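**Student:** My questions all concern the structure below.
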Amino acid sequence: MNPRERFERVAELPFNKLEEQILVVVARTREVHLLNASAARIWELLETPATVEALMEALGEDFDVDPHEGRQEVEAVVAEMIGKGLVRSIPA
């Protein structure tokens, strides 16, 4: 991923917070996605556009992770969310 690339959640998708998880509904595809605690936190952070680096900084405060492994995990979660239509890239 481009380090300057920013991402945001698709604002029109309805969602509901269930304790530490978030349930997101994609009506267009009739799919429901249950996000675990870390993915839910990324979803919350992407209410405003953010880079992977900004996500890493925020998540570093919430979760104790190795920066290298954390970056790979964040990139994988963001890519998966993009693939499911939950998040979109904003051109740099």
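The values are calculated or read from the model by the stated rules, or taken from the named source; none is laboratory data. Predicted model only: the values in this text are computed from it and were never measured. Note: ideal-geometry Cβ built from the backbone for every residue, glycine included; neighbour counts use all protein chains shown. The accessibility values were calculated without ligands, DNA or RNA, using every heavy atom of the protein model including side chains. Shrake-Rupley method; radii C 1.70, N 1.55, O 1.52, S 1.80 Å.
**Student:** So what's the convex hull volume per residue for the Cα atoms of region 36-92, in Å³? Spell out each step's value before the answer.
**Tutor:** Details: hull volume 4.6 nm³, N = 57.
Taking only Cα atoms, region 36-92 has a hull volume of 80 Å³ per residue.
**Student:** With each run of n ≥ 4 DSSP H residues scored as -39500 (n - 2.57), what mean residue ellipticity at 222 nm is computed for the chain after dividing by its residue count and rounding to the nearest 500 deg cm²/dmol? Write down the numbers at each step before the final one.
**Tutor:** Working: 3 runs with 37 residues, N = 92.
Taken over the chain, the calculation gives -12500 deg cm²/dmol.
**Student:** Calculate the spin-label point distance for N2 paired with L23, positioning each point 7 Å from the Cα along the beta-carbon direction, and give it in nanometres.
**Tutor:** Taking the two extended label points, one gets 3.7 nm.
**Student:** Another question, if that's okay. Output the relative contact order of region 1-70, whole-number percent, from Cα pairs under 8 angstrom with separation of 6+ residues.
**Tutor:** Result for region 1-70 is 32 percent.
**Student:** Please calculate the 1.4 Å probe accessible area of E31, with all protein chains present, and give it to the nearest 10 Å².
**Tutor:** 80 Å²
**Student:** Could you sort I90, I82 by their accessible area in this structure, using a 1.4 Å probe and putting the largest first? Write down the numbers at each step before the final one.
**Tutor:** Working: I90 35, I82 65 Å².
The most accessible residue leads, giving I82, I90.
**Student:** Next question. How would F15, F7 line up by accessible area, probe 1.4 Å, largest first? Intermediate values should be presented prior to the final figure.
**Tutor:** Working: F15 95, F7 0 Å².
Per-residue accessible area, sorted high to low, gives F15, F7.
**Student:** Size of the dipole of the chain about the Cα centre, Lys and Arg at +1 and Asp and Glu at -1 on the beta carbon, nothing else charged, in debye to 20? Let's see the in-between values first.
**Tutor:** Details: 10 positive and 18 negative charges, 127 e Å.
Computed charge dipole of the chain: roughly 600 debye.
**Student:** So, for the chain, what is the accessible surface per residue at a probe of 1.4 Å, expressed in square angstrom?
**Tutor:** It amounts to 64 Å² per residue over the chain.
**Student:** From largest accessible area down, sort T51, T29; use a 1.4 Å probe on the protein chains. Numbers along the way, then the final one.
**Tutor:** Details: T51 30, T29 60 Å².
Ranking T51, T29 by accessible area, largest first, yields T29, T51.
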